[in-house]
1. Pairs please, first residue from the stretch 385-400 and over 13 Å from residue 342 (Cα atoms) and not assigned by the TED database to the domain that holds residue 349, second anywhere and modelled with pLDDT under 95 and not in a loop (DSSP other than H, G, I, E, B), Cβ atoms under 9 Å, 6+ apart in sequence or on different chains.
2. Can you list residue pairs whose Cβ atoms sit under 9 Å apart, with the first residue in the stretch 238-265 being acidic (Asp, Glu) and the second being part of a helix (DSSP H, G or I) and buried (at least 17 other Cβ atoms within 10 Å of the Cβ)? Count only pairs 6 or more apart in sequence or on different chains.
3. In the stretch 73-154, which helices (runs of 4 or more DSSP H) lie fully inside it and hold 3 or more residues that are more than 18 Å from residue 32 (Cβ to Cβ) and modelled with pLDDT of 95 or more?
4. Kindly indicate the residue of the stretch 288-312 that is touching a Pro at 6+ places or on another chain (Cβ under 9 Å) and either in a helix (DSSP H, G or I) or under 14 Å from residue 264 (Cβ atoms) (or both) and also most open to solvent (accessible area, probe 1.4 Å) among those meeting that condition.
5. Is it the case that the stretch 171-194 has a residue that's surrounded by 19 or more Cβ atoms within 10 Å (Cβ to Cβ), assigned by the TED database to the domain that holds residue 327 and outside any loop (DSSP other than H, G, I, E, B)?
6. For the condition assigned by the TED database to the domain that holds residue 97, closer than 22 Å to residue 382 by Cα, touching a helix residue (DSSP H, G or I) at 6+ places or on another chain (Cβ under 9 Å) and not small (Gly, Ala, Ser), what is the one hit in 275, 303, 314?
7. Condition first: modelled with pLDDT of 95 or more, of a type in the set (D, E, K, R) and assigned to a helix (DSSP H, G or I). Now tell me which residues in the stretch 1-57 satisfy that.
8. Find all pairs meeting these conditions: Cβ atoms under 9 angstrom apart; at least six residues apart or on different chains; first residue within the stretch 268-287 and open to solvent by 20 Å² or more (accessible area, probe 1.4 Å); second residue among the aliphatic types (A, V, I, L, M) and modelled with pLDDT under 95.
Amino acid sequence: MSGLLSVFLHLFLLCKLAAPVTFRHRRYDDLVRTLYKVHNECPHITRVYSVGRSVKGRHLYVLEFSDYPGIHEPLEPEVKYVGNMHGNEVLGRELLLQLSEFLCEEFRSANPRILRLVQDTRIHIMPSMNPDGYEVAAAQGPDASGYLVGRNNANGVDLNRNFPDLNTYIYYNEKYGGPNHHLPLPDNWKSQVEPETRAVIQWIRSLNFVLSANLHGGAVVANYPYDKSLEHRFRGFRRTANTPTPDDKLFQKLAKVYSYAHGWMHHGWNCGDYFPDGITNGASWYSLSKGMQDFNYLHTNCFEITLELSCDKFPRQEELQREWLGNREALIQFLEQVHQGIKGMVLDENNNYLPKAVISVSGINHDVTSGDHGDYFRLLLPGTYTVTATAPGFDPKTVTVTVGPGEPKRVDFQLKRSIPQVTESPAQHLEADSYQSKYSPG
């Protein structure tokens, strides 16, 4: 009897541990309840906040995981997931809700890997960037024939074609010279984008994000920048051509981490398409202008990839558990990728923070900057690099650093204030010559 009781209790505990991850499609109200349920179960490591509202007034909610929610801890990187940008591509939305439940439950169960992840990383999860589109798609359901119903926002705009186009400027700068990072936005940018896009832009400008993925559907592949080809239009046709960033090898590695940790993405053959290693450069697949992925890289410090996760844009509910099991490890491994390369503080001689200091890596034509707390993060593959920190009014400092395959290397910079060079005026120069002529011997 005691043996049977022991088995029963063991099965009961297993079911209890598995219960928090739920497998169903959740409408807006259910999504909100899920986020607050996770927060109530893990109040000390989570925070629910909104970055803005959709056209129809629905909140764009984010669930944050951190050992100090709401606070940026210097040298702790910020990472984000964004789902459901296209309202009818719903798997990412459900995966991010399942991930939220999983992180909370595993933290409560003292899973060492999740404990370390939450303690060393500030994670932001936005399950739905397009809640209005989702409601339209959900009302149709997974069995309807309207392939694009709910894709756009309530104004009929594709949000992944709605960010300011910075690719045109970077391609010009690469050819003729100019900034290679943090490209400025047009003065009227806010009036040119949708409410959801505006809210997300302000969000990613407000936090020093280092790594990101946005989750889509309709294919199974990890897509990395650039999305827009160098010759986006050629004689009226969209031109597809591999268009790498200066960080191409790093982006390929990030994409492969997700692909190979995924249950089947890395096989390459999915949905009638073939992608070697389950990854692709966006522009070599099809050229896309004004996308969120390229915008992150060109306007902020954030390295973002796009994850296409299902052949069906709106999978049936009974498929959600299989999809979760296929993506769970990949979602965790990708978050862990933020801990690589180099990181450190940029300070002045009095140990004051130096925000917006520029961190340059010789041979990689893309710089990053330090955040408001003087900390910076530069994702890099293993190797030896020459790294320079510069800030207006300070002498630059250059170091050589070797990066390993494990944790990021700590590289701090303490910059000395520049001593102004005194230049003589023509009158002073003549006066000095006259003085030397008058008093020089013989």
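The values are calculated or read from the model by the stated rules, or taken from the named source; none is laboratory data. A quick note: this is a predicted structure, and the numbers were derived from the prediction, not measured. All Cβ positions, even for glycine, are placed from backbone atoms using ideal geometry, and neighbour counts span all protein chains on display. Each accessible area value is taken on the protein alone, full model and side chains, heavy atoms only, with ligands, DNA and RNA left out. Shrake-Rupley method; radii C 1.70, N 1.55, O 1.52, S 1.80 Å.
1. none
2. 247/297
3. Working: elements: 91-108, 112-120, 131-140.
Once the helices (runs of 4 or more DSSP H) in the stretch 73-154 are filtered for at least 3 residues that are more than 18 Å from residue 32 (Cβ to Cβ) and modelled with pLDDT of 95 or more, what remains is 91-108, 112-120.
4. Initial filter on the stretch 288-312 (touching a Pro at 6+ places or on another chain (Cβ under 9 Å)): 290-291, 293-299, 303-306, 312.
When the remaining residues are screened for being either in a helix (DSSP H, G or I) or under 14 Å from residue 264 (Cβ atoms) (or both), the result is 293-299.
Values: 293: 1, 294: 4, 295: 4, 296: 0, 297: 0, 298: 1, 299: 20 Å².
That would be 299.
5. No, the stretch 171-194 contains no residue that is surrounded by 19 or more Cβ atoms within 10 Å (Cβ to Cβ), assigned by the TED database to the domain that holds residue 327 and outside any loop (DSSP other than H, G, I, E, B).
6. Values: 275 fails: closer than 22 Å to residue 382 by Cα; 314 fails: closer than 22 Å to residue 382 by Cα.
From the options 275, 303, 314, the qualifying one is 303.
7. Across the stretch 1-57, the qualifying residues are 29, 30, 33, 37, 41.
8. 284/241
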